[in-house]
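The values are calculated or read from the model by the stated rules, or taken from the named source; none is laboratory data. These figures come from a predicted structure and were not determined experimentally. We place every Cβ from the backbone using ideal geometry, glycine too, and count neighbours over all the protein chains shown.
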Amino acid sequence: MARFIAFYLPQYHPIPENDKWWGKGFTEWTNVAKAKKLFPGHYQPRIPADLGFYDLRLPEIKEAQANLAREAGIEGFCYWHYWFGNGHRLLDMPFREVVSSGKPDFPFCLGWANHSWYKKLWDPDSPGKDFLLIEQKYLGVQDYIDHFNALLPAFKDNRYMRVNNKLIFVIYTPLDSTEIASFVSTWRRLAKEHGLNDFYFVGRDADSRYKERIFQLGIDAIYNDDVFNIHHHANILKKVLLMLGRKWFKVPTIFSYKKAIKYMITEDCKNDNVIPVIAPNWDHSPRSGANAILLHRSTPELFKKLAQKAMGTVKNKPKQQQLVFIKSWNEWGEGNYMEPDLKYGKGYIEALAEVIHNSETDLPKK
């Protein structure tokens with residue numbers, strides 16, 4: 001049975017840094033609420049339904065999210081975690097409260113979003129040129145030890161998800177620094193010293209040409225994060241038109257969701273150490289405006305077909321390694337979310353639940 005894990009963005013509460021950079025009260029909702037249609041039929045703005053424009057400072061919101069995820073058949077959340085070096089963390093309050101409170105009683109793992117932040121990353125309309133806000137630093141073994149110790153309560157939590165008794169830990173940009181190999185080996189040693197057995201390190205692979213380099217760092221598995229793999233299958237004319245549209249007419253790059261899902265799960269996702277990724281949609285225009293790349297006309301029915309393909313892809317893997325990542329649970333600023341909205345309600349949740357239910361009823365009876 002496939003293990004669906006959904007990436008979870010924690011940027012739905014104000015923090016001093018965002019207040020300073022973009023104005024008091026800035027959260028992910030700021031971009032979502034001001035999004036506009038860029039062409040006829042463009043689904044924007046996207047308005048949340050059941051949970052509303054929520055604030056993650058409220059524990060009842062996290063409980064409601066967990067209940068919806070259970071309804072979908074999702075095993076747990078992979079919370080994005082930000083450690084920039086020397087103890088500098090951002091957006092960590094929601095997950096810290098999940099650990100300290102013990103609620104919601106819903107499985108989780110962590111993903112280290114190890115990349116620098118730039119001005120245009122979260123707010124495309126900010127005036128002036130792009131520039132560095134926070135640099136991702138790799139400061140050596142002592143910093144990796146401090147990083148581990150800061151997360152130790154989470155690693156000891158019974159809710160933390162595992163593969164073969166190894167703690168799942170995702171690294172967003174494993175090739176960002178040659179120091180990642182030292183980070184991985186340091187954490188493996190620390191896990192054993194603290195009686196945690198080991199880690200199951202998963203690296204993001206956005207370009208299959210580099211996957212062997214990722215494995216050489218000591219990574220156990222990669223997740224095949226290529227939502228726009230369709231771009232490689234477009235003909236020359238299509239590529240030229242897309243380029244001209246972006247450069248001269250300020251038109252976003254648009255691909256059909258129906259066509260994109262044909263290429264989202266590649267053949268190598270059948271390998272035990274390659275994890276498929278499924279996306280309910282993608283529309284970066286709330287953050288990028290006319291510079292966005294987006295998938296057009298996603299529906300719950302099409303997403304259901306993608307989820308079915310993912311289940312078929314992993315069904316012959318060892319049980320613990322039948323992982324499928326969902327990109328994402330709540331990336332509203334990128335248009336990829338499972339949470340209910342005003343157009344489809346709980347359609348994507350119900351679609352995934354149906355796929356999982358049907359797969360269970362198809363299992364041979366003992």
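See the values below:
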{"read-out": "Residue check, residue 291 modelled with pLDDT of 90 or more and surrounded by fewer than 20 Cβ atoms within 10 Å (Cβ to Cβ)", "value": "no"}
{"read-out": "Filter result for the condition that a residue is among the hydrophobic types (A, V, I, L, M, F, W, C) and touching an Asp or Glu at 6+ places or on another chain (Cβ under 7 Å), over 4, 95, 53", "value": "4"}
{"read-out": "Single residue of 56, 38 found to be surrounded by 14 or more Cβ atoms within 10 Å (Cβ to Cβ), under 21 Å from the mean Cα position of the chain (by Cα), of a type in the set (A, V, I, L, M) and assigned to a loop (DSSP other than H, G, I, E, B)", "value": "56"}
{"read-out": "In region 257-275, the residues that are at pLDDT below 95 and outside any helix (DSSP H, G or I)", "value": "261, 262, 263, 264, 265, 266"}
{"read-out": "Residue within region 185-204 that is closer than 30 Å to residue 43 by Cβ and either at pLDDT 95 or above or of a type in the set (D, E, K, R) (or both) present", "value": "yes"}
{"read-out": "Count of region 11-29 residues which are outside any loop (DSSP other than H, G, I, E, B) and either buried (at least 17 other Cβ atoms within 10 Å of the Cβ) or without any contact (Cβ under 8 Å) to a residue 24 or more places away in the chain (or both)", "value": "7"}
{"read-out": "Selected residue [surrounded by fewer than 19 Cβ atoms within 10 Å (Cβ to Cβ) and either modelled with pLDDT of 95 or more or on the phi > 0 side of the Ramachandran plot (or both)] from 366, 327, 343", "value": "343"}
{"read-out": "Test: residue 138 is in contact (Cβ under 8 Å) with a residue 40 or more places away in the chain, touching a helix residue (DSSP H, G or I) at 6+ places or on another chain (Cβ under 8 Å), surrounded by fewer than 19 Cβ atoms within 10 Å (Cβ to Cβ) and of a type outside the set (S, T, N, Q)", "value": "yes"}
{"read-out": "Per-region count, region 179-196, residues over 23 Å from the mean Cα position of the chain (by Cα) and surrounded by fewer than 16 Cβ atoms within 10 Å (Cβ to Cβ)", "value": "6"}
